[in-house]
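Read through the structure below, which is laid out as structure tokens, and then see the notes.
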Number of protein chains: 2
Amino acid sequence: MKRAIYREFGNPVKVLEVVEEDSPALSEGQARIAVLRSPINPSDYIQIAGEYGVRPPLPATAGNEGLGRVTEVNGQGIAVGQLVLLPPGAGCWVSETTADIRQLVPLPEGDLDQLSMLMVNPATAHLLLTEYVDLKEGDWIIQSAANSGVGHYVVQLAKARGINVACVVRRDSAAPELLAAGATEVFVDGPDLAREVRKRTGAKMKLALDAVAGETFGRLAETLEDGGTLVNYGAMSMQNAQIAAGPLIFRDIRVRGFWLVHWFGRASRAERMGVYADLTRAVATGALHVPIDRHFALEDVREAVAYTMKGGRAGKVLIAPHGVGSGMASRRRRR
Amino acid sequence: MKRAIYREFGNPVKVLEVVEEDSPALSEGQARIAVLRSPINPSDYIQIAGEYGVRPPLPATAGNEGLGRVTEVNGQGIAVGQLVLLPPGAGCWVSETTADIRQLVPLPEGDLDQLSMLMVNPATAHLLLTEYVDLKEGDWIIQSAANSGVGHYVVQLAKARGINVACVVRRDSAAPELLAAGATEVFVDGPDLAREVRKRTGAKMKLALDAVAGETFGRLAETLEDGGTLVNYGAMSMQNAQIAAGPLIFRDIRVRGFWLVHWFGRASRAERMGVYADLTRAVATGALHVPIDRHFALEDVREAVAYTMKGGRAGKVLIAPHGVGSGMASRRRRR
């Protein structure tokens, strides 16, 4: 089997290497999975750079989400040939891996690219929209970093539920794509954000989602209704989150943070299956869709990451360890 | 009747004036109360300066808490002669006032000075310790601005419940008084706060109470256990609260704000009575006690505020509109 590892934290293009090793034997309760697709997410290369909130022990296997097919089973609960999502942070840039059967999320056959990206960003977007505030059709929410991967999924999932989304971006040029995806209004971040939001929406926000931190964090708080909730799930500004005491004290604004790994740890298997079943259906109906730029072989992982980090892509970049043409014994082949 | 009012926001020593006017007639459901004591709190002069989170319409009556005796009743639920706390923000620097009977908190006879200060600071301390986290004997909490009025009450109430309090102050000189009052450990605020707290307590904090904001806010978050709660109730630094996204996301730190007025609005009359009954007992047993510096007549309110704002006092300053010697028909006279 092949595995993309890093022995030290640093620039992924330099520290990543692909090694060959023997497949390990399966322990009781484990399954072996051939990895078919694994997307390259910003969190992957932030983690390899050692700049993520948690650092894995070294050497570490790269890649935090992926889709595969079960090739061998030692235990109950899953069958050979089943398409599965790997658990988050499993080290997915590999040709095959082993995992605890209970941690696998079985999926129906479908679009391998879209399904391979369900574990992290769509689940994050789904949970941001469901775990904190009881949102109803016609309610307003606001989000920063709206043209990120999670941001686009938030727009798509909110639109499917009739929830209005005020999207905050850094540049006006991001607006047309977000409006086409279903954003209700798009705002360029700045000191007048709250006033602009009030003027153009006439509404108070029930929920604010922030992945920027810095001053944006406090600006989102200003747009919230009294008792509203501000959930942070990232710090793209690389600055501390800032908020005036006033909204906390006089308007009872509540602040929380979201990390998928915590949810995955505390959710029951039934809850996890429920969330991913919902998301799989949303992929099948086309409600959830992300443009794909291109695929790379596992051997070309350094080139793949360099290409992804460079930016200016037309969509997502994925690793396809067994080639793009192979769904490995699936009944539906693509491309 | 006499009333301390301000017609514009500004330096209290300049804008406060004492006016004489006729007593208004009582509406149905109201009582008239002779005000016996009203403490001078920082929030009083911050409000007169127009720098509080909410601004009253002008002209406004000064003074946010006080103790009085019912002198006339138009309705059910309270008797003439009853000692009562006035509702928060009632405009207490007056010789007498009228209030909705349901908003009055009846108290047993006792130490008029100590009882007159129960409405705001002790209730705030009590609610900070009870509304957010279920604290048990032996648990640790941390608080900034520990040598403030609320901070001292937090220490006294926590001590009575066997809860350990890590107190954060700006100067080492505040430590002896806090330790004598029952603080478990005292720390001087600074970048190494979290490391020092861990070193000297060996504990993770379950609850952090902050009235400073700025960087202190984020430092308190660092000391919390995973899933711990940080409650802000003031911004003495006059800066925005700052917190790294990491503790929110990876350690599930929850941020809330506390304002007594919100609690007073949502609590039932029975809940309010319960809280003040607990606090009255704590005064009676001596668990709650604040040193008194001196009293002023209502006519000398400007001098009283100037004296209080100057600092360097040996305790609390109170307005006594009917003189220190008069409890007005109470059975227990003091001094």
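The values are calculated or read from the model by the stated rules, or taken from the named source; none is laboratory data. No experiment lies behind these values; they were computed from the predicted model shown. Cβ placement follows ideal geometry from the backbone for every residue including glycine, while neighbour counts extend to all protein chains displayed. Quick note on the areas: whole protein, heavy atoms, side chains included, nothing else; ligands and nucleic acids left out. Shrake-Rupley method; radii C 1.70, N 1.55, O 1.52, S 1.80 Å.
May I ask you to work out the translational diffusion coefficient for segment A:124-261 at 37 °C, viscosity 0.692 mPa s, via Stokes-Einstein with Rh from the Kirkwood sum over Cα pairs, reported in whole µm²/s?
Details: Rh = 14.5 Å.
For the chosen part, D equals 227 µm²/s.
Long-range amide H contacts for B:Phe187: which residues qualify at under 5 Å (H placed 1.01 Å from N, peptide plane, sequence gap of 5 or more or a different chain)?
Under 5 Å from the amide H of B:Phe187: B:Cys167, B:Val168, B:Val169.
Please get the size of the charge dipole for segment A:124-261, origin at its Cα centre, with Cβ charges of +1 on Lys and Arg and -1 on Asp and Glu, quoted in debye to the nearest 20.
Numbers: 15 positive and 16 negative charges, 17 e Å.
Roughly 80 debye for segment A:124-261.
Per residue of A:231-241, count partner chain C-beta atoms within 10 Å of its C-beta, then hand back the mean as an integer. Walk me through the intermediate numbers first.
On the way: counts 2, 8, 3, 2, 5, 1, 1, 1, 3, 10, 12.
Taking all residues of A:231-241 together, the mean is 4.
What is the packing order of peptides A:304-316, B:81-93, taking the mean over residues of other C-beta atoms within 10 Å and listing the highest first?
Ranked by mean Cβ neighbours within 10 Å, highest first: B:81-93, A:304-316.
Based on the Cα gyration tensor of the protein assembly as shown, what are the three equivalent ellipsoid semi-axes, each the root of five times an eigenvalue, rounded to whole Å and given largest first? Display every interim value, and only then the final one.
Numbers: eigenvalues 703, 133, 93 Å².
Equivalent-ellipsoid dimensions as semi-axes: 59, 26, 22 Å.
Average partner chain C-beta neighbours within 10 Å, per residue of B:256-263?
5
If a/c stays under 1.5 just call it rounded; otherwise compare a/b with b/c (prolate if a/b is bigger, oblate if not). Do that for segment A:1-141, with a ≥ b ≥ c from the square roots of the Cα gyration tensor eigenvalues. Let's see the in-between values first.
Working: a/c = 2.14, a/b = 1.18, b/c = 1.82.
The shape class here is oblate.
Using the crude model of +1 on Lys and Arg Cβ and -1 on Asp and Glu Cβ, and no other charge, please compute the dipole size for the protein assembly as shown relative to its Cα centre, in debye to 20. Intermediate results must be reported in sequence, preceding the final value.
Values: 76 positive and 74 negative charges, 75 e Å.
Roughly 360 debye for the protein assembly as shown.
Please report, in debye to the nearest 20, how large the charge dipole of chain A is about its Cα centre when each Lys and Arg carries +1 at its beta carbon and each Asp and Glu carries -1 there. Present the calculation step by step, with values, prior to reporting the outcome.
Values: 38 positive and 37 negative charges, 108 e Å.
Roughly 520 debye, rounded to the nearest 20.
Heads up, I need the accessible area for B:Asp189: 1.4 angstrom probe, whole protein in place, Å², nearest 10.
Approximately 40 Å² for this residue.
If the label point is 7 Å along Cα→Cβ of A:Arg266, which residues in segment A:229-251 have backbone nitrogen under 13 Å from it?
Output list for this probe position: empty.
Can you give the relative contact order of segment A:124-261 as a percent, counting alpha carbon pairs under 8 Å and 6+ residues apart? Spell out each step's value before the answer.
Working: 281 pairs, mean separation 29.3, N = 138.
Computed over segment A:124-261, the figure is 21 percent.
Among B:Leu86, A:Val275, B:His126, whose Cα lies farthest out toward the positive end of the dipole of the protein assembly as shown, if unit charges sit on the beta carbon of Lys, Arg (+1) and Asp, Glu (-1)?
So the residue we want is A:Val275.
Averaged per residue, what accessible area in Å² does segment A:124-261 show with a 1.4 Å probe, protein chains only? Write out the running numbers ahead of the final one.
Numbers: 5320 Å² over 138 residues.
Here the per-residue accessible area is 39 Å².
For a quick check of understanding: with a 1.4 angstrom probe and all protein chains in place, what accessible area in square angstrom does B:Ile78 have, to the nearest ten?
Rounded to the nearest 10, that gives 30 Å².
Which trypsin sites (Lys or Arg not before Pro) from segment A:6-101 combine a DSSP loop assignment with at most 12 other Cβ atoms within 10 Å? Please list the in-between numbers first.
On the way: sites: A:Arg7, A:Lys14, A:Arg32, A:Arg37, A:Arg69; in loops: A:Arg7.
The qualifying sites are A:Arg7.
State the antiparallel share, in %, of DSSP beta bridges confined to chain B, rounding to the nearest 5.
Details: 28 of 53 bridges.
Of all bridge pairs located within chain B, approximately 55 percent are antiparallel.
Using only the alpha-carbon atoms of segment B:101-144 as identical scatterers, what base-10 log of I(q)/I(0) does the Debye formula give at q = 0.14, 0.19, 0.32 Å⁻¹?
-0.51, -0.78, -1.20
What's the Kirkwood radius of segment B:107-173 in Å, using all Cα pairs? The partial results should precede the final answer.
On the way: mean 1/r = 0.0781 Å⁻¹.
So the Kirkwood estimate lands at 12.8 Å.
Before anything else, pin down the relative contact order of chain A: Cα pairs under 8 Å, at least 6 apart, normalised by residue count, whole percent. Write out the running numbers ahead of the final one.
Working: 701 pairs, mean separation 58.9, N = 335.
It comes to 18 percent, rounded to a whole number.
Could you rank B:Thr285, A:Thr71, B:Thr97 by how accessible they are, 1.4 Å probe, largest area first?
Numbers: B:Thr285 110, A:Thr71 60, B:Thr97 20 Å².
The ranking, largest first, comes out as B:Thr285, A:Thr71, B:Thr97.
So which helices of chain B fit the span-like rule, where a helix is a whole DSSP H run, its Cα atoms reach 20 Å or more along the axis, and its mean Kyte-Doolittle is at least -1.0?
Passing helices, by number: B:269-285.
Ignoring everything but the protein chains, give the 1.4 Å probe accessible area of A:Met273 in square angstrom, nearest 10.
70 Å²
What pairs in B:Lys159/B:Lys199; A:Lys14/B:Lys204; A:Lys159/A:Lys199 have C-alpha atoms more than 28 Å from each other? Show your work: numbers first, answer last.
Working: B:Lys159/B:Lys199 22 Å; A:Lys14/B:Lys204 39 Å; A:Lys159/A:Lys199 22 Å.
As for pairs spanning more than 28 Å Cα to Cα, those are A:Lys14/B:Lys204.
How large is the Kirkwood hydrodynamic radius of segment B:203-290, counting all unique pairs of alpha carbons, in Å? All intermediate terms of the calculation are to be shown ahead of the outcome.
Values: mean 1/r = 0.0673 Å⁻¹.
That comes to 14.9 Å for segment B:203-290.
For A:Lys310, which aspartates and glutamates qualify as cross-link partners when the Cα separation must be under 14 Å and same-chain residues fewer than eight apart are set aside?
Reachable aspartates and glutamates: A:Asp293.
Roughly how many Å is it from the Cα centre of segment A:118-164 to that of segment A:234-273, as a whole number?
14 Å
For chain A, what class follows from the C-alpha gyration tensor (a ≥ b ≥ c being the square roots of its eigenvalues): rounded when a/c is under 1.5, otherwise prolate if a/b is larger than b/c, else oblate?
It is prolate, given that a/c is not under 1.5 and a/b is the larger ratio.
Using packing as a proxy for protection, rank A:290-300, A:238-248, B:212-222 so that the peptide with the highest average count of other Cβ atoms within 10 Å comes first. Could the numbers behind the result be given before it?
Details: A:290-300: 16.0, A:238-248: 22.3, B:212-222: 24.6.
Ranking the peptides A:290-300, A:238-248, B:212-222 by packing returns B:212-222, A:238-248, A:290-300.
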